[in-house]
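I have placed the structure first, in the form of C-alpha cells, so that the comments after it can refer back to it.
The values are calculated or read from the model by the stated rules, or taken from the named source; none is laboratory data. From a predicted model like this one, the values you see are computed outputs, not experimental measurements. Because the Cβ atoms are built from the backbone with ideal geometry, glycine has one as well, and the counts that use them run over all protein chains shown. SASA here: full protein model, heavy atoms, side chains in, ligands and nucleic acids out. Shrake-Rupley method; radii C 1.70, N 1.55, O 1.52, S 1.80 Å.
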Amino acid sequence: MFVGHEFAAFAIGVVVARRLGANDATALAIGVVAGASAILPDLDLLVAAVAYADSLGGPATASWDGLWSASTAIHRGLSHTLVGGVGVAVVLTAVVHARRTAGAGSKTGSLGAIGIGLVATVGLVSVARVVGAASEMLAIGLVLLGATVLGLVVAGRTSLGVRAILGGALVGLLTHPFGDVFMATPPAVFYPFEVTFLADSVRFAADPTMNLVGIAFVELVTVWAGVAAFASVTSVSLRRAVDPLAALGLAYPLVMVFVPRPTMVDAHWLGFTLAPFGIVGTLTLLGRHHRRRDRLLRALVTGLATVTLAAGSYSFAYLLFFRP
C-alpha cells in the first residue's frame, strides 16, 4: 500500500482509543500519532531510491519491477518487522518524554528517557549491522531520525500521556508491515524468528489487471476507513460531504480505451490515470457556503468517491469489454 498505511493506522487508533474510553479529542490525537507513525517505516525508501537510481547506470531499466528488485535488499528491511516497529516506537516515546521532562526541569526524568532511547537506538542499529550492509544501517537510521522529529512534534503539539503516545506509535508501526503483503515480496514480519508470514504477495485474481485493481480497492477501503473514523469523532456526515460531481468517475473507462492494459509491471497506467479524477474534489473548494474545514473535507471525500466510482466502473468495463 501507499497512503493506505497511514489511513488504516489512523482508523485503528481512533477506534481502539474510543473503545478504551477516550473522548473524541483524545481519540483523534491518538489516531493522528498512529497515522504519522505509519509513515516512518517507509523512510527507508529514500535509501532504496538512491540504490535504484544507481542501478539504472548498469543493466537495470526503468520499470516498477526494476524498482522493486533494486530496493528489495533495503526497503522492507528491519523497519518492517515487529522487532523494528517496537524499537522505533520506544525511541519516539522516549523523545517525547525527554522533551517534556526537560522542559519541566526534571533532569532525572529527561536523562532516563534519553538513556532508554539510546539503548533502543543502539540495539536496532546493531541488529541492522548483523542482518544487512551499511545501507540497512542507513535505512534504519533514517527511520529513527524520523521518529525523533515526530517525537519532538508530538511533545509540543499534544497533551497525550506517554502510554497513549506509545500505543498510537505501536499501532502505526506494527500494522505497517501487514499492509505490504499485496505488492512484491512480503516483509519478514517476525524476524528474527524463523517464521514465514507469507512466502509470496497476496493475489486477488489470476488476471494481472484485475489483481492490480483489487490492490487499488484495498487502498481505497483503508482510506475510506480513515475518513470514516475522522467523521465519527468530529460529528461530520460523510453522505452530505459527497458532491454530485463524484459521478464523473463513471467516465473513467473511456480514458482507459486509449492506454495500455495496466498490470503490476505497468502499474503507472492505472495510478497516473486514476489520480486526476481525484482532483475533481478540488472543484468543491470553489463554493463559499461552507466553513473552510468543511470545504476541505468535502473536497477530500468527493475526490475519494470519484476515484472509487472510477475504479469500480473500470472493473465492470474491463470484465465486459477489455479483458483479452
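Can you confirm whether segment 37-48 contains a residue that is open to solvent by less than 40 Å² (accessible area, probe 1.4 Å), within 17 Å of L173 (Cβ to Cβ), modelled with pLDDT of 95 or more and in a loop (DSSP other than H, G, I, E, B)?
yes
Determine, yes or no, whether V153 is among the β-branched types (V, I, T) and either within 18 Å of A29 (Cα to Cα) or open to solvent by 70 Å² or more (accessible area, probe 1.4 Å) (or both).
It is true that V153 is among the β-branched types (V, I, T) and either within 18 Å of A29 (Cα to Cα) or open to solvent by 70 Å² or more (accessible area, probe 1.4 Å) (or both).
If a residue must be open to solvent by 80 Å² or more (accessible area, probe 1.4 Å) and either aliphatic (A, V, I, L, M) or outside any helix (DSSP H, G or I) (or both), how many such residues does segment 128-148 contain?
Counting residues in segment 128-148 that are open to solvent by 80 Å² or more (accessible area, probe 1.4 Å) and either aliphatic (A, V, I, L, M) or outside any helix (DSSP H, G or I) (or both) gives 3.
Take V86 and tell me if it is over 20 Å from R163 (Cα atoms), of a type outside the set (S, T, N, Q), assigned to a helix (DSSP H, G or I) and open to solvent by 20 Å² or more (accessible area, probe 1.4 Å).
Taking the combined requirement at face value, the residue does not satisfy it.
If you go through segment 148-163 one residue at a time, do you hit one that is charged (D, E, K, R) and at pLDDT 90 or above?
yes
All but one of (1) modelled with pLDDT under 60; (2) buried (at least 20 other Cβ atoms within 10 Å of the Cβ) hold for V95; which doesn't?
(1)
Here is a yes/no grid of residues against (1) basic (K, R); (2) farther than 23 Å from V3 by Cβ; (3) open to solvent by less than 60 Å² (accessible area, probe 1.4 Å):
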| residue | (1), (2), (3) |
| --- | --- |
| P253 | no, yes, yes |
| V257 | no, yes, no |
| H268 | no, no, yes |
| F272 | no, no, no |
| P276 | no, no, no |
| V280 | no, no, yes |
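If you check every pair at least six apart or on different chains, which have Cβ atoms under 9 Å apart with a residue in segment 101-120 that is without any contact (Cβ under 8 Å) to a residue 60 or more places away in the chain first and a residue that is in a helix (DSSP H, G or I) and of a type in the set (K, R) second?
Filtered contacts from segment 101-120: T101/K107; S106/R100; G109/R100; S110/R99; S110/R100; A113/R99; A113/R100.
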